[in-house]
Every structure is written in C-alpha cells, then in structure tokens.
Amino acid sequence: MKKDFISILDVTSDELKQILSDAIRLKQLRTRGTIHHVLRGKSLAMIFEKSSTRTHISFEVGMNELGGTALFLSTRDLQLGRGEEVRDTARVASRYVSAVMIRAYQHSTIEEFAQYATIPVINGLSDREHPCQLLADIMTIREHFGDMKGLRIAWVGDGNNVCNSLVLSSALTGMEISVASPGGYAPSKKIIRHAKEIGGTVRLTRSPDDAVRDADVIVTDTWISMGEENEREARLEAFRGYTVDEHLLKLASPDARVLHCLPAHRGEEISNGVIDGNQSLVWDEAENRLHAQKALLIKLLKNGK
Ligand code: CP
Ligand code: NVA
C-alpha cells in the first residue's frame, strides 16, 4: 500500500517523532561525510507549478545524497501545462519513477494526482498546506528546545498554507499555538476545527502583542503568497502593524526563537534586525528541509519500487 504525504496529518505523532529522529541522525552522518546510498535506483519526479528555491534544491540534493535521482519538471514544459489531465500524468509518471513531489496552486490537484498515482505523492506546497516545511520547522524546534510538549508558539501574519500546517503540527506535538491575523486572514476554520478535534490548543486573536506574549517560538511568513500578487496593495494595508520586529520580540520569552520558511520580505512581515538577529533560527530551519525530507523519502521509498 503506497503512502502519501499531502498533509502533515498523513503521519501520526509517533511516525513524526521517528522521522525527526531519523532526520537528526542523517544530519550527523552528513556532517561526518558518511555515504548513505539507501535509495540507490530510486527516482523522484518534482513537478512545479510555481517557483521554488529551498524545496527544489533540498529535494534534488537529498535524493542525490541518498543515491537516487531527482527530475525537475516545470509545468511550463510538461504537457500538464498544455492541458494534459492530472490523472493521465499521474498514471504515466507512476510507470517511470518511484515517487512524485508536486508544488501546485490547488490542493485538489495534488489530491487528484495521488488518487490516480500508484506511487507515493508528496505535497511540496499547495494553497492549503506546506507539510514538508513543517517537518523542518518541528525538527528545528526540537533541536533547539528538546521537548516540544507545552511550548508556546505564536504565528503572526497571514493564516496561510504554512500557518495551516503549523496549527495541525502543534496539535500533533502538544504545542500550544496563538495565531494573530487581521480580520479575513485567519487560518482555515476547517483546519482549526480539525486541530482541536485531535487535542490541539489553538487561540485566535487580532493582536500580535497578545499572541507573542511569553511565546517560546514566533513564526511568520509572507503576507502575499504565490498566486496572490494581484492583492498586494490590499494585503499591505491589512497587515500593517503585523511585522515581527524588535518591539514584538521583546514581549516574548527572553529565550524565544523566530522561524520563517523563507523567502522573506524584509521590512514587511519581518524586520532585518529580527531575521538577522541572534534569536533567529531561519538558516537552520532552511537547512533542516534537506535532512527532514531525506528522512521522509527513506520512509516512503525504502520498501517501494
Ligand atoms: N520555504 C519554501 O518552501 O521555500 P521555496 O519556495 O524556495 O521552496
Ligand atoms: N506562503 C508562501 C510560502 C512560500 C514557501 C506561499 O505560498 O507563497
């Protein structure tokens, strides 16, 4: 039975713990320069409808380091971009490669792909979730804080795809989350309901100050996600006052740390002082995409075709 990774909830909390432990071990092996070709002969197709730096590089390098191969496929070049059906592409790709990673505008595109594929399908970002990012984020939190249970997480800004996955991840790991977003930009109601159903503690507020007070981790992301460029002016207006800056950071726990999935828009959702400051973990977070996804790929592919 193939296993997909389309939502962060496609892994149980025990599976998540195992992926993180494997990721930390893979990071150590890499530091020592140990060759670890456990995916020799396996291949990953990486389909991108939108731009990417981290997801593209980390998956491609990750597959290579595990002895496999990765193919970068843009929908600008694929027949998919000229109207070939998702289900037909999924069936054909399943005959060639061991797994597919897709970055799509619509979450439903990835779900449809997974329905017709006979190989594992990984969500490399959709309008609903960014589960691979959360593997790296949780790994970074665990590396820094050790135990995650009871940590206070504050999200400041747009209740977007990354926020949705963070809300679900908090429920999965026992962290409490407060989300500060302006009216109309809160995370999906369905996601919040789901997080609460599985035992999550989620608090919504309009006030960044309230959300970050005594927080252990502050997380933010762009105010204008890919595909929302035509809303730029309205969004800049709506998010005024939601910048994660030095003033906001002072309200958090003195040992608080800051995450951002990148790319950052310095001076908008985050200030230069914060992203470059000594409470920022964003560069470790970006690096951890590589290690966390290698652990995920091994889990999904090791016993596959
Ligand atoms: N964080 C993230 O997914 O970055 P890219 O868009 O560069 O892949
Ligand atoms: N929320 C952002 C994340 C980019 C990695 C977007 O969807 O564009």
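Nothing in this text is a laboratory measurement; each read-out follows from the coordinates by a stated rule. The model shown is predicted, which means the values in this text are computed figures rather than measured ones. As a convention, Cβ positions derive from the backbone with ideal geometry for all residues, glycine included, and neighbour counts pool all protein chains shown.
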Skipping prolines and chain starts, which residues have an amide H placed within reach, meaning under 5 Å, of the one on Met175, given they are 5 or more residues away or on another chain? Gly150
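Beyond 35 Å, what percent of the Cα pairs of the chain remain?
The answer is 17 percent, as a whole percent.
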At a 10 angstrom cut-off on C-beta neighbours, averaged per residue, how do the peptides 18-25, 79-86 rank from highest to lowest? 18-25, 79-86
Whole-number D in µm² s⁻¹ for region 205-305, Kirkwood Cα-pair radius fed into Stokes-Einstein, 25 °C, 0.890 mPa s: 161
Consider all pairwise Cα distances in region 136-176 and report the whole-number % of them above 11 Å. 64
Return the distance in nm (one decimal) between the two label points of a simple spin-label model at Lys17 and His247, each offset 7 Å from Cα along Cα→Cβ. 4.2
From the cross-link list Lys190/Lys302; Lys196/Lys299; Lys149/Lys190; Lys149/Lys294, the entries with a Cα-Cα span beyond 30 Å are Lys190/Lys302
Give me the number: length gained by fully extending Leu29 to Asn64, i.e. 0.36 nm times residue separation minus the C-alpha to C-alpha distance, one decimal in nm. 11.1 nm
Going fewest to most other Cβ atoms within 10 Å around each Cβ, Lys190, Lys3, Lys294, Lys27 line up as Lys190, Lys3, Lys27, Lys294
Put a dot 7 Å past each Cα toward the Cβ at Gln106 and Asp88; how far apart are the dots in nm? 1.7
Give me the net charge for the shell around Ala70: Cβ to Cβ below 15 angstrom, other residues only, Lys and Arg +1, Asp and Glu -1. +4
When the convex hull of its Cα atoms is projected in every direction, mean area for region 70-213 (nm²): 10.2
Arrange the following residues from fewest to most other Cβ atoms within 10 Å of their Cβ: Asp284, Asp137. Asp284, Asp137
Efficiency by 1/(1 + (r/R0)^6): what FRET value for Ser207 and Ala234, r their Cβ-Cβ distance, R0 = 22 Å, to the nearest 0.05? 0.60
Could you work out the Rg to Rh ratio of region 74-122, with Rh taken as the Kirkwood radius (inverse of the mean 1/r over all Cα pairs)? 0.91
Going residue by residue through region 9-25, the Karplus relation 6.51 cos²θ - 1.76 cosθ + 1.60 with θ = phi - 60° gives ³J(HN,Hα) values, rounded to whole Hz and with x marking Gly or Pro, of 7, 6, 10, 7, 5, 5, 5, 4, 4, 5, 4, 5, 5, 4, 4, 5, 5
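Neighbouring Cβ atoms within 10 Å as the yardstick, rank Thr220, Thr205, Thr109, Thr140 fewest first.
So the residues, fewest neighbours to most, are Thr205, Thr109, Thr140, Thr220.
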Let's see if you can work this out: charge +1 on each Lys and Arg Cβ, -1 on each Asp and Glu Cβ, no other charges. What is the dipole magnitude of region 94-163 about its Cα centre, in debye to the nearest 20? 140
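From largest to smallest, what semi-axes in whole angstrom does region 133-207 give when each is the square root of 5 times an eigenvalue of its alpha carbon gyration tensor?
20, 13, 11
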In units of 2.2 N^0.38 Å, the Cα radius of gyration of region 1-68 is 1.25
With each run of n ≥ 4 DSSP H residues scored as -39500 (n - 2.57), what mean residue ellipticity at 222 nm is computed for the chain after dividing by its residue count and rounding to the nearest 500 deg cm²/dmol? -13000 deg cm²/dmol
